[in-house]
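All remarks here apply to the structure that follows.
The values are calculated or read from the model by the stated rules, or taken from the named source; none is laboratory data. Because the structure is a prediction, the values reported are computed rather than measured. All Cβ positions, even for glycine, are placed from backbone atoms using ideal geometry, and neighbour counts span all protein chains on display.
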Amino acid sequence: LAKTTQPISMDSYEGQEVNITCSHNNIATNDYITWYQQFPSQGPRFIIQGYKTKVTNEVASLFIPADRKSSTLSLPRVSLSDTAVYYCLVGERQAGTALIFGKGTTLSVSS
Amino acid sequence: AAGVIQSPRHLIKEKRETATLKCYPIPRHDTVYWYQQGPGQDPQFLISFYEKMQSDKGSIPDRFSAQQFSDYHSELNMSSLELGDSALYFCASSLGISAPQETQYFGPGTRLLVL
């Protein structure tokens with residue numbers, strides 16, 4: 001399983017765009033990149049998933065360069081409610097395959 | 001939309017007691033996963049089931065066992081509880097064969113406190 005590295009913490013202000021970069025140098029051909037958000041004492045919440053290039057949904061964008069050795073989660077115009085831990089996970093998408101959580105990024109949004 | 005249901009939400013036990021946690025997946029989901037998250041820790045994978053068969057196994061203690069039933073709900077049985085078992089236990093579910101990719105959806109968790 002590819003190991004991921006992401007910043008331990010980030011600070012931002014309301015209304016700013018936040019970009020969290022994750023490094024995964026050993027990503028395998030069949031691996032997908034998935035981001036989860038977790039609030040204290042709640043279950044992780046799926047944000048976005050991608051394989052290559054750019055993926056966008058109503059919540060975030062995910063940028064993946066051609067070599068796929070890193071990825072960047074982009075949160076547009078964050079609000080106080082975006083304060084949470086963000087996890088980058090890399091792995092195959094097969095039934096029953098575990099998600100391996102590394103150290104996530106604690107994002108703190110201030111007014 | 002229906003989400004993953006876990007019961008109980010809170011549980012207090014004493015050392016050496018047993019506990020059973022239940023997970024009801026999202027309707028039509030055939031795969032369930034169990035994760036443990038200790039205080040200040042990241043979620044750790046315990047075990048998963050796909051179509052009622054064990055699929056993947058992580059750092060689950062021998063004192064723990066789990067199974068998935070014919071209606072796809074799952075139970076995590078924990079025996080000889082230790083203080084270190086105090087944690088949040090999350091269940092996640094997914095559709096084993098889905099397009100474009102499989103996504104795990106997490107439940108609200110069961111908070112277990114062992115005294």
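Within the stretch B:10-44, restricting attention to residues that are polar (S, T, N, Q) and free of Cβ contacts under 8 Å to residues at least 60 places away in the same chain, the residue that is nearest to the other protein chains (Cβ to nearest Cβ) is B:Gln44.
Restricting the stretch B:65-83 to residues that are without any contact (Cβ under 8 Å) to a residue 40 or more places away in the chain and surrounded by fewer than 20 Cβ atoms within 10 Å (Cβ to Cβ) leaves a set whose member that is nearest to B:Arg111 (Cα to Cα) is B:Ser65. Pairing residues of the stretch A:82-111 that are within 7 Å of another protein chain (Cβ to nearest Cβ) and closer than 22 Å to A:Asp31 by Cα with residues that are of a type in the set (A, V, I, L, M) and surrounded by fewer than 20 Cβ atoms within 10 Å (Cβ to Cβ), at Cβ distances under 8 Å and at least 6 apart in sequence or on separate chains, gives A:Ala95/B:Ile97; A:Ile100/A:Leu1; A:Lys103/A:Ile8; A:Gly104/A:Val85. Against the list (1) exposed (fewer than 14 other Cβ atoms within 10 Å of the Cβ); (2) outside any strand (DSSP E or B); (3) at pLDDT 95 or above, the condition A:Asp11 fails is (2). With the condition kept exactly as written, say whether any residue in the stretch A:53-72 is outside any strand (DSSP E or B) and within 14 Å of chain B (Cβ to nearest Cβ). Yes, that holds for at least one residue.
Name the residue that is surrounded by the fewest Cβ atoms within 10 Å (Cβ to Cβ), counting only residues in the stretch A:38-50 that are facing chain B (nearest Cβ under 8 Å) and over 12 Å from the mean Cα position of the chain (by Cα). Per the stated criteria, the residue is A:Ser41.
Under the condition of being under 14 Å from A:Ile100 (Cα atoms) and of a type outside the set (Val, Ile, Thr), which residue from the stretch A:19-36 is farthest from the chain's Cα centre (by Cα)?
Residues of the stretch A:19-36 under 14 Å from A:Ile100 (Cα atoms): A:24, A:27, A:31-36.
Filter again for of a type outside the set (Val, Ile, Thr), leaving A:24, A:31-32, A:35-36.
On the way: A:His24: 12, A:Asp31: 14, A:Tyr32: 12, A:Trp35: 3, A:Tyr36: 6 Å.
Among them, the one singled out is A:Asp31.
Screening B:Ile47 on (1) within 9 Å of another protein chain (Cβ to nearest Cβ); (2) under 20 Å from A:Ile47 (Cα atoms) shows it passes everything except condition (2).
Taking every residue in the stretch A:54-67 that is closer than 22 Å to A:Ser23 by Cβ and pairing it with any residue that is assigned to a loop (DSSP other than H, G, I, E, B) and β-branched (Val, Ile, Thr), at least 6 positions away or on another chain, yields no pair with a Cβ-Cβ distance below 6 Å. When the stretch B:84-107 is filtered for residues that are more than 9 Å from chain A (Cβ to nearest Cβ), at pLDDT below 95 and assigned to a loop (DSSP other than H, G, I, E, B), only B:Ala99 remains.
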